[in-house]
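Okay, structure first, notes after.
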Amino acid sequence: MSHHLVEARGLSFAYPDGTPALRDVSCRFTHGESVGIVGANGAGKSTLLLHLNGLLLPASGEVRIGELPVTAGTRAQIHRTVGYVFQDADDQLFMPTVEEDAAFGPLNMGLPAEEVRVRVRAALEAVGATHLAGRAPYRLSGGEKRAVAIAGVLAMSPSILVLDEPSAGLDPAARRRLIALLRSFTHTKVIATHDLDLVLDLCTRVLVMRDGQVQADGSPAAIFVDTELLCRCGLEPPLSSAKASG
Ligand SMILES: Nc1ncnc2c1ncn2[C@@H]1O[C@H](COP(=O)(O)OP(=O)(O)OP(=O)(O)O)[C@@H](O)[C@H]1O
Ligand SMILES: [Mg+2]
């Protein structure tokens with residue numbers, strides 16, 4: 001079985017304060033699929049994504065990456081396979097410089113220093129952040145932080161990319177560069193976002209979440225014309241499809 005496969009079965013989760021966030025979620029993403037996860041604030045998108053690389057563990061049900069169930073014991077292995085970009089880049093960046101931050105993951109994987117240097121250079125270039133290499137991550141702008149966080153994940157050459165709101169706060173050129181970059185990543189991608197135009201541009205499939213449940217799962221072209229579904233889930237059609245139909 002491909003290690004690029006992502007599967008959740010009967011996944012439920014409540015936060016320690018008792019807030020229910022996922023209720024019986026099942027989904028299966030296969031190699032090369034590019035999946036958008038959409039839904040209103042609080043729908044459960046980030047919570048679902050946090051389960052895909054073991055940052056959260058299921059209260060009930062299970063998550064598998066290929067053959068491997070995501071558990072406390074497999075977390076380290078899962079982290080090498082699933083590259084995770086946090087919704088808030090401040091949760092991700094912690095080293096004194098951008099370069100050291102991007103090198104942290106690959107060094108931790110035990111890669112030789114020269115290979116790490118090559119990977120870091122390529123990853124920073126891919127996100128247009130070469131000029132930020134010597135800067136302190138916490139002193140960057142929001143969009144710069146996001147680019148650098150993505151570089152750190154790319155430097156680990158993951159088999160699966162999981163991104164939480166990757167285009168939030170990006171200027172139009174940076175957003176276009178991000179879309180081109182993600183398009184060039186041909187393995188499995190799972191992207192939680194409010195940017196439905198990005199989903200339309202990039203994703204072959206979209207899951208609509210509401211109150212911790214998957215309400216719909218289909219092609220963006222089919223889902224984004226279902227105005228009753230979108231309205232029920234607190235969403236609006238993407239601008240580009242609204243333009244096409246108007
Ligand atoms: N640390 C936490 N402790 C308690 N409840 C939480 C915590 N994080 C999220 N929740 C709750 O879990 C539910 C799902 O939140 P989640 O962050 O997964 O939503 P989301 O779809 O990612 O929303 P957004 O679009 O705002 O990022 C919400 O009811 C939220 O209030
Ligand atoms: Mg979220």
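Rule-based calculations on the coordinates, nothing more; no lab input. None of these values were measured; they are calculated from a predicted model. For neighbour counting, all protein chains shown are included, and Cβ atoms are generated from backbone atoms with ideal geometry for every residue, glycine included.
Observations on the model:
- Helical mean residue ellipticity (222 nm; -39500 (n - 2.57) per DSSP H run of 4+; nearest 500) of the chain: -10500 deg cm²/dmol
- Bridge type composition, the chain - antiparallel percent by DSSP, nearest 5: 50 percent
- In a reduced charge model with +1 at each Lys and Arg Cβ and -1 at each Asp and Glu Cβ, the chain shows a dipole moment near 320 debye about its Cα centre.
- Summary value for the range 151-246: 21 percent relative contact order, contacts being C-alpha pairs under 8 angstrom separated by 6+ residues.
- The packing ranking, built from the mean of other Cβ atoms within 10 Å per residue, places the peptides 175-182, 109-116, 147-154, 190-197 in the order 147-154, 190-197, 175-182, 109-116, highest first.
- Of the residues V208, P166, H131, the one whose Cα sits farthest toward the positive end of the charge dipole of the chain, with +1 on the Cβ of Lys and Arg and -1 on the Cβ of Asp and Glu, is H131.
- Cβ-defined net charge surrounding R177, 12 Å radius [Lys, Arg +1; Asp, Glu -1]: +2
- The alpha carbons of the chain give a radius of gyration and a Dmax of 17.7, 55 Å, in that order.
- Site pair E67 and M109 shows an inter-label distance of 2.1 nm when each label is modelled 7 Å from Cα along Cα→Cβ.
- Mean sequence separation of contacting Cα pairs (under 8 Å, at least six apart), scaled by the length of the chain, corresponds to a relative contact order of 26 percent.
- Percent antiparallel among DSSP beta bridges (both partners in the range 126-237, rounded to 5): 50 percent
- Cα long-axis angle, helix 98-108 against the chain (0 to 90 degrees, to the nearest 10): 80 degrees
- Extension reserve of the H131-F94 stretch, reckoned as 0.36 nm per residue once the Cα distance is removed: 11.5 nm
- Between the listed residues S240, T188, S60, the Cα displaced farthest toward the positive end of the dipole of the chain, a dipole computed from Cβ unit charges relative to the Cα centre, is found at T188.
- Residues F104, F94 in ascending order of nearby Cβ atoms (within 10 Å, fewest first): F94, F104.
- Annotation: amide H of S34 within the under-5 Å range of K189, T204, R205, sequence separation 5 or more or interchain, hydrogens built in the peptide plane.
- Nearest-ten-degree value, helix 113-126 long axis tilted from longest Cα axis of the chain: 50 degrees
- Scaling the Cα radius of gyration of the range 138-246 by the globular reference 2.2 N^0.38 Å produces a ratio of 1.14.
- Computed about the Cα centre, the dipole magnitude for the range 1-106 is approximately 480 debye when only Lys and Arg (+1) and Asp and Glu (-1) carry charge, each at its Cβ.
- Taking 7 Å steps out from each Cα toward its Cβ at R139 and E228 produces label points 5.7 nm apart.
- Nearest 10 degrees, 0 to 90: helix 172-184 Cα axis against the chain principal axis: 90 degrees
- At 1.002 mPa s and 20 °C, Stokes diffusion of the range 15-117 via Kirkwood alpha-carbon radius, µm² per second: 135 µm²/s
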